[in-house]
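For reference, the structure is listed below as structure tokens.
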Amino acid sequence: MTFKHNFKKVLSATAFAAALVVAPAANVSAATNDASSTQQSATATSQDQQASQDQAASQSSAANQSSATAASASSSTSTSSATSTSTVKKTTKKAKKTTKKSKKKVAKKTTKKKATKKAKKTSKKSTKKTTKAATAAVTASAGQSQATDQQDDAAKKAAEAAAKKAAAAKKAAAKKKAAAKKKAAAKKKAAAKKKAAAKKKAAAKKKAAAKKKAAKKSAEKAAKYWIAMRESGGYYTARNGSCYGRYQLLISYLGGDLSKKNQERTADRYVYGRYGSWVNAKRFWLAHNWY
């Protein structure tokens, strides 16, 4: 009966120690879960829970070992009860130390997570500022680009207008040049036509003069022949008193040269000097029967 009573006491002490061990572990797990709820990463929370469970399992194993040792001691002697109680106290103390270390570790992790969270917030703020600055820079750049595009469009329009104006001026100049060229060609053609007409007229006049001259020459020749036939019958040696030759000129006119050539030359000089032509001399001969 004493052994059973002592065994029950040992079991009660062991259960109490296990409860002490499990309770802080549960508290630690709850603290860990609370700390984990503040984090954004589900992976970190799972790792903390696993660590807590491993620690609780280790502590429970130690308690079970203590219980087994206490039971063995109770079966050998009644004085082992005090030893078992001491062992339970040591186990409890060890469990407290482990719990304290676990709390420190959790607190350290919590502090580290807080620092990480603070760093993330700072990084997020910095990122926001950087993004805001970049957005402002992009907006300014877009505005500048838009202004540049507007300037380029204005310059392009001005260049197009200038090119259009230059093309119109060039076209007008070409049209004016073509008109001047056409006018010059027409003027040249008219001048050539006028020159051709003048040349034709001069040729006609020359031809008419030549024709007239030829006709006059022919008339002169005919009148000269007509007079020669009336005066001497056409003989260069005919003589009538003081007149001699084909045209019955005074011998003194011939100057002692009775040749045919001298008779022709002297007769022309006499007629042109006195009548102006053989035609006029013939007209005079017809009127007076001599010349």
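The values are calculated or read from the model by the stated rules, or taken from the named source; none is laboratory data. Treat the numbers as computed from the prediction; the structure is a model and nothing was measured. Heads up, the Cβs are rebuilt from the backbone with ideal geometry, glycines too, and the neighbour counts pull from every protein chain shown. All accessible areas refer to the heavy atoms of the entire protein, side chains included, with ligands and DNA or RNA removed. Shrake-Rupley method; radii C 1.70, N 1.55, O 1.52, S 1.80 Å.
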- line: For region 160-291, Rg(Cα) over 2.2 N^0.38 Å is 2.36
- line: Note: Lys105 to Ala238 extended length (0.36 nm per residue) minus current alpha-carbon separation gives 29.8 nm
- request: Please compute the net charge surrounding Ala162, taking Lys and Arg as +1 and Asp and Glu as -1 over other residues with Cβ under 13 Å from its Cβ.
  value: +4
field: Translational D in µm²/s for region 183-224 (Stokes-Einstein at 37 °C, 0.692 mPa s, Kirkwood Rh from C-alpha pairs)
entry: 269
query: How would Trp290, Trp278, Trp285 line up by accessible area, probe 1.4 Å, largest first?
result: Trp290, Trp285, Trp278
- request: Would you mind checking which residues have amide H under 5 Å from Leu249's amide H? H placed 1.01 Å from N; only 5 or more apart, or other chain.
  value: Tyr244
task: Round to the nearest 0.05 the FRET efficiency obtained for Lys165 and Ala185 when R0 = 41 Å and r is the Cβ-Cβ distance.
output: 0.85
statement: Length gained, Ala196-Lys213, 0.36 nm per residue minus C-alpha separation, equals 3.7 nm
query: Per residue, how many Å² of accessible area does region 216-291 show with a 1.4 Å probe?
result: 62
